[in-house]
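Note sheet for the following structure.
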Amino acid sequence: MPANASGPPRSRVAGLLLAAGGGRRFGMPKALVPFGGGLLVEHALVALGGCDPVVVVLGAGADRVPPLAATVVRNPDWATGMGSSLRVGLAALPADADAVVVLTVDTPGVTRAAVDRLAALAHPDALARASYAGEPGHPVLLGRAHWPGAAAAAHGDTGARPYLRAHPVLDVPCADIADGADADHPHDLPGNRGEHN
């Protein structure tokens, strides 16, 4: 993020987009799902637009994803679950970043405002996540001090969840500016939900 001209430099906050999954329940890799005039992966990058740099982890269908305005890394073990993608993504982050905002590609209701709200809390020791009506969700803010532990705890489809359960986490209410619902099926996408309720 740019330095604050009226005060000390702001923390450098990277963005990490996990978009490697095969989307078994969805019926296709979620990175390739059409949404909002583009793809879900492109939509998610807009939400992370205030982060620098942004790293995207691709896996299933990676060869069909168009060029992205981000650093792209591939997870050859994407089929093992989100945990391996989190490890690959954390390893690709710059050493001078103070924290990273982690977002999953299948949360299209997460907005730039929600990402910015989490990013404003960035610090090497920060550990925070968005919450919606008291329920934890995305995005998640991991200060640099937490990266090794989060990577070590990330296995299967759990991502950072085991690490977050074992440490004090600041829940940041975001329901006023975002929707944290996962899109596990096509009817979960905004604009489609009302047709299937």
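The values are calculated or read from the model by the stated rules, or taken from the named source; none is laboratory data. In this text the structure is predicted, and so the values were computed from the model without any measurement. Don't worry about glycine lacking a Cβ; one is built from the backbone with ideal geometry, like all the others, and counts go over all protein chains shown.
Figures for the structure shown
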| quantity | calculated |
| --- | --- |
| Number of the condition not met by R129 [criteria: (1) among the charged types (D, E, K, R); (2) out of contact with any Leu (no Cβ under 9 Å at 6 or more places or on another chain); (3) surrounded by 21 or more Cβ atoms within 10 Å (Cβ to Cβ)] | (2) |
| Test set (1) in contact with a Pro (Cβ under 8 Å, 6 or more places away or on another chain); (2) touching a residue at least 24 places away in the same chain (Cβ under 8 Å); (3) more than 25 Å from L39 (Cα to Cα) - A145 fails condition number | (2) |
| When residues of segment 64-89 are limited to those that are of a type in the set (V, I, T) and assigned to a helix (DSSP H, G or I), the one farthest from E42 (Cα to Cα) | T80 |
| Filter result (over 14 Å from A31 (Cα atoms) and in contact with a helix residue (DSSP H, G or I) (Cβ under 8 Å, 6 or more places away or on another chain)) within segment 71-82 | D77 |
| Within segment 83-112, considering residues that are polar (S, T, N, Q) and closer than 17 Å to P29 by Cα, the one surrounded by the most Cβ atoms within 10 Å (Cβ to Cβ) | S85 |
| The listed residue being surrounded by fewer than 17 Cβ atoms within 10 Å (Cβ to Cβ), in contact with a helix residue (DSSP H, G or I) (Cβ under 8 Å, 6 or more places away or on another chain) and not aliphatic (A, V, I, L, M), out of H123, H167 | H167 |
| Hits in segment 33-51 (condition: more than 19 Å from V102 (Cα to Cα) and touching a residue at least 24 places away in the same chain (Cβ under 8 Å)) | V33, F35, G36 |
| Residue selected from segment 167-192 under the condition modelled with pLDDT of 95 or more and small (G, A, S), by the criterion farthest from L48 (Cα to Cα) | A175 |
| Test result for V65, β-branched (V, I, T) and under 13 Å from the mean Cα position of the chain (by Cα) | no |
| Close pairs (6 angstrom Cβ cut-off, 6 or more residues apart or separate chains): in contact (Cβ under 8 Å) with a residue 60 or more places away in the chain and within 11 Å of A14 (Cβ to Cβ) in segment 93-106, among the aliphatic types (A, V, I, L, M) and assigned to a loop (DSSP other than H, G, I, E, B) anywhere | D98/A122; A99/A122; A99/A126; V100/L93 |
| Residue within segment 138-154 that is over 15 Å from the mean Cα position of the chain (by Cα), of a type in the set (A, V, I, L, M, F, W, C) and crowded, with 17+ Cβ neighbours inside 10 Å present | yes |
| Segment 14-55: number of residues that are surrounded by 17 or more Cβ atoms within 10 Å (Cβ to Cβ) and on the phi > 0 side of the Ramachandran plot | 1 |
| Meets criteria (assigned to a strand (DSSP E or B), surrounded by 13 or more Cβ atoms within 10 Å (Cβ to Cβ), within 14 Å of the chain's Cα centre (by Cα) and at pLDDT 90 or above) for V115 | no |
